[in-house]
Amino acid sequence: MADWERAFKELLVVRGASLRAYAYLLTGESAAAADLVQDALLRVFSRLRVRGDVEQLEGYVRRAMLNQYVDGRRRASLWNARRHLLVDPVAHHDEDHALADEVRQALSTLSPKQRACIVLRYYEDLSVLEIADQLDCAEGTVKRHLADARTRLATQLAIPEETMR
């Protein structure tokens, strides 16, 4: 078995569930999350010289997922702005999942960068500096995205913004 095959299998066994959860938080959809993980793994492991331990490889995969998500959302929004069609997704609400659906809906209204900042800050527990490094932007930009996203989420979820910090 080649080194990359061993690394690939170890990454999936050790951190596969975490990668899927991360992708789900970015996309908000199970199928899209699975596609995002698969595409990111393909990007990372299609390189001929994949080396590193599980943590390092996981970082590469997460970065590939984040880049792919932001780029994909940007492309989709450009396409949707030009095709002049609105699709009303069928919403399935259950009492047990009402809050989760409400949060997913609120997250879907954020821009891709805002959503990425929220996921990295509150799910990954990264600092503003670490988020800026991940998104390759200034710390002030990250702070602005976080502030705008918190304001929007607080309004939509009827939660005092102070509790979201």
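Length gain on complete extension for the stretch ALA21 to THR151, per 0.36 nm per residue less the alpha carbon to alpha carbon distance?
Numbers: separation 130, 0.36 × 130 = 46.80 nm, distance 2.46 nm.
So the extension gain works out to 44.3 nm.
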Listing LEU120, LEU153 from the residue with the fewest other Cβ atoms within 10 Å to the one with the most, what is the order?
LEU153, LEU120
Once GLU130 and LEU78 are pulled to full extension, the length gained, defined as 0.36 nm per residue separation minus their Cα-Cα distance, is 15.9 nm
Could you give me the ³J(HN,Hα) list for the range 22-33, computed from phi with Karplus coefficients 6.51, -1.76, 1.60 and θ = phi - 60°, whole Hz, x at Gly and Pro?
4, 5, 5, 5, 5, 8, x, 9, 4, 5, 5, 5
Listed highest first by mean packing, meaning other Cβ atoms within 10 Å per residue, what order do 72-78, 19-25, 36-42 come in?
19-25, 36-42, 72-78
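If the chain between ARG144 and SER46 were fully stretched, how many nm would it gain, using 0.36 nm times the residue separation less the Cα-Cα distance?
Values: separation 98, 0.36 × 98 = 35.28 nm, distance 3.55 nm.
Roughly 31.7 nm would be gained on extension.
Every read-out reported here was derived from the displayed coordinates using simple, explicitly stated rules and does not represent laboratory data. These figures come from a predicted structure and were not determined experimentally. Every residue, glycine as well, gets a Cβ built from its backbone with ideal geometry; the counts of neighbours run over all protein chains shown.
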